[in-house]
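The values are calculated or read from the model by the stated rules, or taken from the named source; none is laboratory data. Just so it is clear, the model here is predicted, and its values are computed rather than measured. Here the Cβ positions follow ideal geometry from the backbone for every residue, glycine too, while neighbour counts run over all protein chains shown.
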Amino acid sequence: MKRIWMMMMVVITAMTAWTVDFDHYFTDATLRLDYAFAGDVNRQEIYLDQLSSLPHWWGRRVRLDEVPVAGDGTITVRDHLSGAVIYRHSFSSLFQEWISTAEAKTVRKSMENVFLVPMPRDTVDITIELRDPHQRTMCSLTHQVVPSDILIARRGEHGVTPFVTLQQAADTLHCIHIAYVAEGYTEAEMPQFIAHCREAMEAMFNHEPFKSLRSRFNIVAVQSASHDSGVSDPGAGIWLDTALGSHFDTFYSKRYLTTLHLKQLHNVLAGIPYEHIIILANTEHYGGGGIYNSYNLSYTRGKHFRPVVVHEFGHSFAGLGDEYPYGDDDPRYFSDVEPWEPNLTTLHDFKSKWADMVAPGTPCPTPESQDSTMMTRRVGVFEGGGYLSKGVYRPVQDCRMRTNEVPEFCPVCQRAIRRLIEFYTTPLN
């Protein structure tokens, strides 16, 4: 009898994990959650700002309670009555990156963050938590959402920003929705923006595994016109009136091009099919940035536009880490924890990474080769990555996540991207 009971519990558990039914818990609409992340290096807090509803849900409808990549934070939706987890989503934020800067030691700041979850049918409890580089919880907030709340603002029903569909997915219900957003393009410059969108799109689909899985992507170009042409450059004393208020010199790093106005970004996108965001900035000055499950921002009018926009999408979509050393003064990775980025390791738990792809007998660290064909294909354990020259290892000698000159993602990055695409788009039988 005990054996039968145990077997039944296994079956019930498996069914529960396998069949979180979208239509049972959610409607075909989006709940937009606006938060403020605030604090300094010593103390961080999360504040709820505003709730909004959007007309449709463009995210995944399967594997709702799973998180494919850990990220630096997680948002979890629980059914209020049962406590069951009905949706989870991971992310990173500029705020958590800012905490590692010198400025965070002397001043307290707040930054906007916006997240999208499917609109629940009934009352839910939402928990959002931020984690430090050791994967310890820095701070968290749990709050209740009642779908009938009259103060949930309705967005995207009128005055939708003009957009053009660049590619329609084969299955628009189980696909990945990408929106290119114009930044620093005037109304008269929109034809140039559309041309840059097509160039960026083809650059992405020139890389595997995007190339072979192209039909799983739905892509639009959002024509958010700016008053001024170009992008703000604080270091040069240039401040412009643009759609998203993007600027160089983020965290006083010259090439770091970002926007802190995430509420405005999502206002521009309200009513448009989107999940992943690529902002194209109308500037010839080299720069960009990519934040996992937040957005990718790239300059456009330069020779490295195509590799940069693909590289930054590696960050924002797939959670891939930078594979180059930058400086060892402020490490973000530590020997007592395995990085969550799938293409970096500290060897703390290497079996969870690409150990299965390394040929037997390969030395660790793996020595570099002068053979250009070996630089991008031979999988090993090459020291130097995640901005550090020591203690962090990358899969191959050179990769799209390391330099602009390499024309492809390495085998480890390709596998990570493919797994993520399949996670988002493969219907459950």
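How many residues are under 22 Å from the mean Cα position of the chain (by Cα) and of a type in the set (A, V, I, L, M) if we restrict to region 237-254?
Total meeting the criteria: 2.
Given (1) surrounded by 15 or more Cβ atoms within 10 Å (Cβ to Cβ); (2) in contact (Cβ under 8 Å) with a residue 60 or more places away in the chain, identify the lone condition not met by THR346.
Answer for THR346: the failing condition is (2).
Being basic (Lys, Arg) and closer than 19 Å to GLU97 by Cβ is the filter here; which residues of region 41-62 pass it? Don't jump to the end; show me each part of the working.
The initial filter retains those residues of region 41-62 that are basic (Lys, Arg), namely 43, 60-61.
Of everything in region 41-62, just one residue is basic (Lys, Arg) and closer than 19 Å to GLU97 by Cβ, namely ARG43.
Please go through region 35-85 and give me each residue that is crowded, with 19+ Cβ neighbours inside 10 Å, over 29 Å from ARG419 (Cβ atoms) and touching a helix residue (DSSP H, G or I) at 6+ places or on another chain (Cβ under 6 Å), ordered by number.
Scanning region 35-85 gives no hits.
Please go through (1) within 25 Å of TYR292 (Cβ to Cβ); (2) part of a loop (DSSP other than H, G, I, E, B); (3) out of contact with any Gly (no Cβ under 8 Å at 6 or more places or on another chain) for GLN370 and return the number of the only condition it doesn't satisfy.
Evaluating GLN370 over (1) within 25 Å of TYR292 (Cβ to Cβ); (2) part of a loop (DSSP other than H, G, I, E, B); (3) out of contact with any Gly (no Cβ under 8 Å at 6 or more places or on another chain) leaves (1) as the failure.
So ARG88 clears everything in (1) closer than 17 Å to TRP340 by Cβ; (2) of a type outside the set (S, T, N, Q); (3) modelled with pLDDT of 95 or more; (4) not in a strand (DSSP E or B) except one condition, right? Which one?
(4)
Quick one: LEU116 ticks every box in (1) of a type in the set (A, V, I, L, M); (2) surrounded by fewer than 13 Cβ atoms within 10 Å (Cβ to Cβ); (3) within 20 Å of the chain's Cα centre (by Cα) bar one, so which box is it?
Condition not satisfied by LEU116: (2).
Return the residue satisfying two criteria in turn: it lies in region 354-390 and is in contact (Cβ under 8 Å) with a residue 40 or more places away in the chain and over 20 Å from TYR326 (Cα atoms), and of such residues it is surrounded by the most Cβ atoms within 10 Å (Cβ to Cβ).
Kept after step one, since they are in contact (Cβ under 8 Å) with a residue 40 or more places away in the chain, are these residues of region 354-390: 354, 357, 384-390.
Next, only the ones that are over 20 Å from TYR326 (Cα atoms) stay: 354, 357.
Details: TRP354: 24, MET357: 15.
Out of the qualifying residues, it is TRP354.
Can we say TYR180 is under 17 Å from GLY290 (Cβ atoms) and at pLDDT 95 or above? Working first, answer last.
Values: under 17 Å from GLY290 (Cβ atoms): yes; at pLDDT 95 or above: yes.
Considered against the rule, which asks whether it is under 17 Å from GLY290 (Cβ atoms) and at pLDDT 95 or above, TYR180 comes out as yes.
Out of curiosity, is LEU280 of a type in the set (A, V, I, L, M, F, W, C), touching a Gly at 6+ places or on another chain (Cβ under 6 Å), modelled with pLDDT of 95 or more and not in a helix (DSSP H, G or I)?
Numbers: of a type in the set (A, V, I, L, M, F, W, C): yes; touching a Gly at 6+ places or on another chain (Cβ under 6 Å): no; modelled with pLDDT of 95 or more: yes; not in a helix (DSSP H, G or I): yes.
When the stated conditions are applied, LEU280 does not pass them.
Please work out which residue is farthest from MET201 (Cα to Cα), limiting yourself to region 267-279 and to residues that are crowded, with 23+ Cβ neighbours inside 10 Å and within 16 Å of the chain's Cα centre (by Cα).
Among them, the one singled out is TYR274.
Give, as residue ranges, the strands (runs of 3 or more DSSP E) completely inside region 127-239 that count at least 1 residues that are in contact with a strand residue (DSSP E or B) (Cβ under 8 Å, 6 or more places away or on another chain) and surrounded by fewer than 17 Cβ atoms within 10 Å (Cβ to Cβ). Show your work before the answer.
Numbers: elements: 137-145, 163-167, 176-183, 217-222.
In region 127-239, the matching strands (runs of 3 or more DSSP E) lie at 137-145, 163-167.
Mind telling me which of the residues GLY235, GLY230 ends up being of a type outside the set (S, T, N, Q), touching a Lys or Arg at 6+ places or on another chain (Cβ under 9 Å) and farther than 30 Å from ARG419 by Cβ? So that I can check it myself, show each step before the final result.
On the way: GLY230 fails: touching a Lys or Arg at 6+ places or on another chain (Cβ under 9 Å).
Going through GLY235, GLY230 in turn, the sole match is GLY235.
Among the listed residues ASP171, ASP149, identify the single one that is out of contact with any helix residue (DSSP H, G or I) (no Cβ under 6 Å at 6 or more places or on another chain), closer than 30 Å to VAL412 by Cβ and of a type outside the set (Lys, Arg).
Numbers: ASP149 fails: closer than 30 Å to VAL412 by Cβ.
That would be ASP171, the only listed residue that is out of contact with any helix residue (DSSP H, G or I) (no Cβ under 6 Å at 6 or more places or on another chain), closer than 30 Å to VAL412 by Cβ and of a type outside the set (Lys, Arg).
Mind listing whichever residues of region 295-327 are buried (at least 24 other Cβ atoms within 10 Å of the Cβ), part of a loop (DSSP other than H, G, I, E, B) and in contact with a Ser or Thr (Cβ under 9 Å, 6 or more places away or on another chain)?
Passing the criteria: THR300, GLY319, GLU323.
Check GLN264 against each of (1) in a helix (DSSP H, G or I); (2) touching a residue at least 24 places away in the same chain (Cβ under 8 Å); (3) in contact with a Gly (Cβ under 8 Å, 6 or more places away or on another chain); (4) not β-branched (Val, Ile, Thr) and name the one condition it does not meet.
All conditions pass for GLN264, except number (2).
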